[in-house]
Structure formats: C-alpha cells, structure tokens
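Structure, as structure tokens:
The values are calculated or read from the model by the stated rules, or taken from the named source; none is laboratory data. In this text the structure is predicted, and so the values were computed from the model without any measurement. Note that each Cβ is placed from the backbone with ideal geometry, even for glycine, and that neighbours are counted across all protein chains shown. Please note that ligands, DNA and RNA were not included when accessible areas were found on the heavy atoms of the full protein model with its side chains. Shrake-Rupley method; radii C 1.70, N 1.55, O 1.52, S 1.80 Å.
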Amino acid sequence: MKLIMAADRNWAIGKDGDLLCHLPGDLKYFKEKTVGKTVIMGRGTLESLPGKKPLPKRENIVISGNPDYAVPGAVVLHSHEELFDYIRDKDSDEVMVMGGGRVYRELLPYCDTCYITRIYESFDADTWFVNLDEMPEFEIVWQSELQEENGIQYRFLEYRRK
C-alpha cells in the first residue's frame with residue numbers, strides 16, 4: 001500500500017475534519033496520484049469530501065466501526081481483517097491510504113511508500129501524523145522543487161520504506 005497526505009512543519013494534518021489550507025497544486029498532485037486507484041479512508045474523511053460523496057474515478061473504501069454505515073458508490077468495511085481480505089488480490093501500488101489521522105496511523109505499518117506534501121508553515125491543528133524524518137525505516141527518495149501558492153511554500157516528497 002501507499003499513503004498520501006499533506007503535513008505542515010509539525011506534521012499536523014488537519015483541523016476540525018478539514019485540510020489545514022487550500023493548495024490547488026497539492027489537490028492536483030493528489031488527483032494525479034490517486035485517479036484510477038483504490039483509496040482507503042475513514043468515515044470522517046469521506047464526510048469531509050465535497051458533497052460527502054466518494055471520489056470519482058477511484059474505488060473508494062471507507063472504514064467504519066458502525067455496522068449500519070453505508071455509502072452509495074463506496075465499499076464500507078468494518079475492520080482491518082475485512083480490509084486486508086478485500087484488497088488481498090489488488091496490486092499494492094494501486095492501493096492508496098488517504099486518511100484521516102487514525103487510518104493513517106493504523107495502516108502506516110503496511111505502507112511501503114508515503115507521498116507527503118510538506119507545507120513549510122505551522123497551522124492550528126487537532127490531528128497530527130508521526131514524523132517520518134525521525135523513523136529510521138523510512139528515507140526520502142525523491143523531492144520536487146519548492147512550490148508556492150497563496151504565500152505558502154511546500155514541496156512534494158516521496159518516502160520509501162528501507
């Protein structure tokens with residue numbers, strides 16, 4: 001599996017169920033990396049999407065502990081066992097973890113690559129991710145040129161498990 005997220009300089013990733021800031025370049029990058037693939041998210045992440053609807057041109061998997069939760073256009077699974085059984089025959093390069101915080105933390109051990117948009121600002125946040133730079137099992141294998149939008153600098157990084 002792969003993981004994709006945007007994180008600020010403190011590895012903050014969200015506030016009140018939403019992104020920290022609006023960066024059109026990051027949204028474009030996210031779309032390029034995920035269209036045509038399977039995306040895995042928690043219920044809160046799904047409900048933060050436009051119209052609270054699954055993303056188009058992707059197979060959407062929503063993890064929810066609520067056995068009655070249903071989403072038209074998405075596969076709803078209720079445990080990691082169900083998830084791993086469901087994706088067992090899929091190419092791991094085609095499966096992308098897209099949040100939120102709990103789903104990221106729980107599935108990171110199963111991800112070999114993390115696509116991170118590092119935002120060089122600090123934001124008020126209530127959700128954080130682990131600092132991949134402090135994890136010896138990950139290394140940066142690629143980084144983009146520095147980008148800037150709306151006065152905010154960022155770059156795309158690819159971390160890979162050693």
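Go through the residues of the stretch 68-81 one by one and say whether even a single one is in a helix (DSSP H, G or I) and aliphatic (A, V, I, L, M).
Just the residues of the stretch 68-81 that are in a helix (DSSP H, G or I), to begin with: 80-81.
Okay, now just the ones that are also aliphatic (A, V, I, L, M), so none.
Taking every residue of the stretch 68-81 in turn, none turns out to be in a helix (DSSP H, G or I) and aliphatic (A, V, I, L, M).
For first residues located in the stretch 138-155 and closer than 16 Å to Leu23 by Cβ, partners that are surrounded by 10 or more Cβ atoms within 10 Å (Cβ to Cβ) and among the β-branched types (Val, Ile, Thr) and lie 6+ apart or on another chain with Cβ distances below 6 Å form the pairs Tyr154/Thr117; Tyr154/Ile119.
Answer with yes or no whether Val39 is at pLDDT 95 or above, of a type in the set (Val, Ile, Thr) and over 13 Å from the mean Cα position of the chain (by Cα). The answer is no for Val39.
Considering the stretch 103-162, and only residues there that are small (Gly, Ala, Ser) and open to solvent by less than 20 Å² (accessible area, probe 1.4 Å), the residue that is nearest to Glu81 (Cα to Cα) turns out to be Ala125.
If you go through the stretch 56-67 and pick out every residue that is open to solvent by 40 Å² or more (accessible area, probe 1.4 Å), part of a loop (DSSP other than H, G, I, E, B) and closer than 18 Å to Met96 by Cβ, you end up with 2.
Would it be correct to say that Gly99 is buried (at least 18 other Cβ atoms within 10 Å of the Cβ) and touching a helix residue (DSSP H, G or I) at 6+ places or on another chain (Cβ under 9 Å)?
Details: buried (at least 18 other Cβ atoms within 10 Å of the Cβ): yes; touching a helix residue (DSSP H, G or I) at 6+ places or on another chain (Cβ under 9 Å): yes.
Here the answer is yes, as Gly99 does meet what is asked.
Would you mind stating whether Leu23 is modelled with pLDDT under 95 and aliphatic (A, V, I, L, M)? Can you show your working first?
On the way: modelled with pLDDT under 95: no; aliphatic (A, V, I, L, M): yes.
When the stated conditions are applied, Leu23 does not pass them.
Given the options Lys31, Lys37, Lys15, name the one that is open to solvent by 60 Å² or more (accessible area, probe 1.4 Å) and under 13 Å from Met98 (Cβ atoms). Step by step, each of Lys31, Lys37, Lys15 is checked, and only Lys31 is open to solvent by 60 Å² or more (accessible area, probe 1.4 Å) and under 13 Å from Met98 (Cβ atoms).
Kindly indicate whether Glu47 is among the acidic types (Asp, Glu) and closer than 28 Å to Tyr154 by Cα.
Details: among the acidic types (Asp, Glu): yes; closer than 28 Å to Tyr154 by Cα: yes.
Yes: the conditions hold for Glu47.
On the stretch given as the stretch 82-95, residues that are among the acidic types (Asp, Glu) and assigned to a helix (DSSP H, G or I) total 4.
Each residue in the stretch 105-142 was checked for being more than 13 Å from the chain's Cα centre (by Cα) and in a helix (DSSP H, G or I), and 5 of them qualify.
Inspect all residues belonging to the stretch 68-78 and state whether any of them is within 15 Å of Met96 (Cα to Cα), modelled with pLDDT of 95 or more and open to solvent by less than 60 Å² (accessible area, probe 1.4 Å). Walk me through it before giving the result.
Taking the stretch 68-78 as the starting set, the residues that turn out to be within 15 Å of Met96 (Cα to Cα) are 74-75.
Filter again for modelled with pLDDT of 95 or more, leaving 74-75.
From the residues that got through so far, the ones that are open to solvent by less than 60 Å² (accessible area, probe 1.4 Å) too are 74-75.
Scanning the stretch 68-78, I find at least one residue that is within 15 Å of Met96 (Cα to Cα), modelled with pLDDT of 95 or more and open to solvent by less than 60 Å² (accessible area, probe 1.4 Å), so the answer is yes.
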